[in-house]
Amino acid sequence: MATAVPAERDAVAEAFTGAAEDVRPPGVRLRRTAAGCDLLAAGVGPALAAASTATALTAAALAGTPYGLVVSAGIGGGFPPGAPLGSLVVADAITVADLGAETADGFLPVTELGFGTITHLPPPSLVRLASEATGARTGTVLTVSTVTGTAARAAELTARHPRALAEGMEGFGVAEAAAAHGVPVLEVRAVSNPVGPRDRAAWRIGDALTTLTEAFGKLAPVLESWTSV
């Protein structure tokens, strides 16, 4: 199952051959491909992504056809120079960047408050195979509820997460839902803009969608054959 907003979902769908049909578990919309993968338009932001993914996972489990893997796919911002425009990133760590508390001494992640988690780790073997198949860079992908729009915020995130290559708004929510069901997760991001000062003129959404489509053409056989056993 891949999660994406509609344009990203269509980019992923192009990589899977054959007809597709819409299926409708309560509250979500899935597109089932002939290759056996379900595509979920999860929505924008970690909360909606988590809710949509959890609904789809629960519906499949109740139907006796549980998923074996969840892939969060989409476009996002890249931290220069590690992830330039048009590049592809596969997460080896999916980390929520802004779940915690602001204090006089700075930001404290929720783990330092004594509860919760801030990182989910995709299966290393799958990360390696996905990177080899697509030529993607591997590193931390941050999940944020507010897209970074200033140099100061970009620098703060880089200081706290020096391995970060990209940021998106859904990956951690998807990973939380997958973890609750005991299902492995992977996150793939094509870089559409640099993380930093908000500059719509610098966005390359079309190029990023092309990168994502081409990547899934190479990634599809890996996803279909990979097993966690």
Exercise. Could we say that residue 220 is surrounded by 17 or more Cβ atoms within 10 Å (Cβ to Cβ), touching a His at 6+ places or on another chain (Cβ under 8 Å) and either not in a helix (DSSP H, G or I) or not charged (D, E, K, R) (or both) here?
Worked result: no
Exercise. Of the residues 52, 72, which single one is buried (at least 20 other Cβ atoms within 10 Å of the Cβ), hydroxyl-bearing (Ser, Thr, Tyr) and under 19 Å from residue 195 (Cβ atoms)?
Worked result: 72
For this session: Restricting attention to segment 146-167, report how many residues are under 15 Å from residue 98 (Cβ atoms), loosely packed, with under 14 Cβ neighbours inside 10 Å and touching a residue at least 12 places away in the same chain (Cβ under 8 Å).
Result: 2
Exercise. Which residues, taken from segment 109-142, are among the aliphatic types (A, V, I, L, M), open to solvent by 50 Å² or more (accessible area, probe 1.4 Å) and closer than 18 Å to residue 174 by Cβ?
Worked result: 121
Exercise. For residue 106, are the conditions met, namely being open to solvent by 10 Å² or more (accessible area, probe 1.4 Å), more than 25 Å from residue 222 (Cα to Cα) and touching a strand residue (DSSP E or B) at 6+ places or on another chain (Cβ under 7 Å)?
Worked result: no
Exercise. Out of the residues in segment 168-209 that are open to solvent by 70 Å² or more (accessible area, probe 1.4 Å) and in contact (Cβ under 8 Å) with a residue 24 or more places away in the chain, which is farthest from residue 40 (Cα to Cα)?
Worked result: 197
Exercise. Among (1) free of Cβ contacts under 8 Å to residues at least 40 places away in the same chain; (2) open to solvent by less than 60 Å² (accessible area, probe 1.4 Å); (3) of a type outside the set (A, V, I, L, M, F, W, C); (4) more than 21 Å from residue 173 (Cβ to Cβ), which single condition is residue 81 missing?
Worked result: (2)
Exercise. In contact with a strand residue (DSSP E or B) (Cβ under 9 Å, 6 or more places away or on another chain) and over 24 Å from residue 212 (Cα atoms): does that describe residue 113?
Worked result: yes
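The values are calculated or read from the model by the stated rules, or taken from the named source; none is laboratory data. Please read these numbers as outputs of a predicted model, since none were measured by experiment. Cβ atoms come from the backbone with ideal geometry, glycine included; neighbour counts cover every protein chain shown. Areas reflect the complete protein model, heavy atoms only, side chains present, ligands, DNA and RNA absent. Shrake-Rupley method; radii C 1.70, N 1.55, O 1.52, S 1.80 Å.
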